[in-house]
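Working notes, structure below.
The values are calculated or read from the model by the stated rules, or taken from the named source; none is laboratory data. Model, not experiment: these values are computed from the prediction. Note that we place each Cβ from the backbone using ideal geometry, even for glycine, and neighbour counts take in every protein chain shown. Note: areas computed on protein heavy atoms with side chains; ligands, DNA, RNA excluded. Shrake-Rupley method; radii C 1.70, N 1.55, O 1.52, S 1.80 Å.
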Amino acid sequence: MDVLAHTLWTNALFHLKYHQERKQRYIAAAFGVVPDLIGFVPVTVYALWNRLVFDPSTYQTYNHWTFTYATEAYNYTHSLVIAVAAILLVMAFRKGKLYWPMLGWVLHIVIDFFTHPDFFHTPIFFPISNFQNTLGISWAHPVFMVVNYSLMVVAYIFIIKYRDRRKKDAR
């Protein structure tokens, strides 16, 4: 899924838990987008700087460290094994308490697992297994994009209506 959609969906879903804690929602949204930012910011800057237009099918043909880095980083940032290990490590420092916003990272991985059938297959169990889903619908497919953003508009309408109702009930 695209970076904006990951951010907006994570914010919307975490609104249920953190409707009055905007900072926690924003941290969750950051965890929901960081897996892509870690790998793709360097290659995007390089591509824009050099005015490259690349096709996903030729991605592997570019001979610059940023392309290799993006591919390798994707394996780590899009692995439930790595995400769960990081969450457990944070829990150990927090005396067993789950830091809920980190689940934005897990949400990102699960969404990508089902929406990357053709490019950057999500290695959900890396480094234990190379299992990847090659079924599903691409997040870049126009029909998916229309449905995805339409559902997002509906979700945010509900959030706004819920917030307005809470304000009326508080009076």
Across the stretch 4-39, the tally of residues that are touching an Asp or Glu at 6+ places or on another chain (Cβ under 9 Å) and either of a type in the set (S, T, N, Q) or at pLDDT below 95 (or both) stands at 1
Among the residues of the stretch 134-152, write down those that are surrounded by 11 or more Cβ atoms within 10 Å (Cβ to Cβ) and at pLDDT 90 or above. Ile137, Ser138, Trp139, Ala140, His141, Phe144, Met145, Val147, Asn148, Tyr149, Leu151, Met152
Check Val45 against each of (1) closer than 30 Å to Thr68 by Cα; (2) over 10 Å from the mean Cα position of the chain (by Cα); (3) open to solvent by less than 40 Å² (accessible area, probe 1.4 Å) and name the one condition it does not meet. (3)
Surrounded by fewer than 16 Cβ atoms within 10 Å (Cβ to Cβ) and in a loop (DSSP other than H, G, I, E, B) - does that describe any residue in the stretch 108-120? yes
Return a yes/no flag: does the stretch 93-101 have any residue that is surrounded by fewer than 15 Cβ atoms within 10 Å (Cβ to Cβ) and modelled with pLDDT under 95. no
Going through Leu98, Leu135 one at a time, which residue ends up being without any contact (Cβ under 8 Å) to a residue 60 or more places away in the chain, assigned to a loop (DSSP other than H, G, I, E, B), over 18 Å from the mean Cα position of the chain (by Cα) and closer than 18 Å to Leu13 by Cα? Leu98
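Inspect all residues belonging to the stretch 53-72 and state whether any of them is among the acidic types (Asp, Glu) and crowded, with 17+ Cβ neighbours inside 10 Å.
Of the residues in the stretch 53-72, the ones among the acidic types (Asp, Glu) are 55, 72.
Still in the running and crowded, with 17+ Cβ neighbours inside 10 Å: none.
Checked the stretch 53-72: no residue is among the acidic types (Asp, Glu) and crowded, with 17+ Cβ neighbours inside 10 Å.
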Taking the criterion of being among the polar types (S, T, N, Q), modelled with pLDDT of 85 or more and under 30 Å from Leu16 (Cβ atoms), would at least one residue in the stretch 63-76 satisfy it? no
